[in-house]
């Protein structure tokens, strides 16, 4: 559901809400929860864009966020590490399999990085109240 909600900015670039759900699931339910949220959160976008590689990339992002958070207990660091690890998958699949131009992928990487930092910072700020409410 969250994959259908987005904010448009800077000449039609979109910030999606589903990474927030992936991060939250990884923080609360661990690597498995992050993986499941990554798959579920990207199904709509993958179907809409005809890019099934999104599902694997987001599953990887959720899984790794959960793993890194368990080891570091630092939300922002965990999200950034997961993003860096997911990045080769995103670049290779988008460039070689989906045939997106390198310039588009470069802009996409910047937008995803900024969105992930935004969601990680928000989750960091609201971590304790959300845990009380959800757990």
> Do you know which residues across region 83-109 are free of Cβ contacts under 8 Å to residues at least 24 places away in the same chain and more than 23 Å from residue 50 (Cβ to Cβ)?
Replying inline: 84
> List, please: which pairs have Cβ atoms under 7 Å, are six or more places apart or on different chains, and start with a residue in region 16-28 that is over 9 Å from residue 119 (Cα atoms) and end with one that is part of a strand (DSSP E or B)?
Replying inline: 16/6
> Do we find a residue being assigned to a helix (DSSP H, G or I) and over 16 Å from residue 22 (Cα atoms) anywhere in region 61-77?
Replying inline: yes
>> Against the definition (more than 15 Å from residue 64 (Cα to Cα), in contact with a helix residue (DSSP H, G or I) (Cβ under 7 Å, 6 or more places away or on another chain) and surrounded by fewer than 12 Cβ atoms within 10 Å (Cβ to Cβ)), how does residue 102 come out, yes or no?
In response: yes
> Could you give every pair whose Cβ atoms fall below 9 Å, whose first residue belongs to region 63-82 and is free of Cβ contacts under 8 Å to residues at least 24 places away in the same chain, and whose second residue is outside any helix (DSSP H, G or I) and surrounded by fewer than 22 Cβ atoms within 10 Å (Cβ to Cβ), counting only separations of at least 6 or pairs across chains?
Replying inline: 68/74
>> Between 119, 89, which is assigned to a helix (DSSP H, G or I), at pLDDT below 95 and surrounded by 14 or more Cβ atoms within 10 Å (Cβ to Cβ)?
In response: 119
> In the set 44, 95, 53, which member is at pLDDT below 95, surrounded by fewer than 22 Cβ atoms within 10 Å (Cβ to Cβ) and touching a helix residue (DSSP H, G or I) at 6+ places or on another chain (Cβ under 7 Å)?
Replying inline: 44
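The values are calculated or read from the model by the stated rules, or taken from the named source; none is laboratory data. Every value quoted in this text rests on a predicted model; they were computed, and no experiment measured them. Neighbour counts are summed over all protein chains in view; Cβ atoms, including those assigned to glycine, are modelled from backbone coordinates with ideal geometry.
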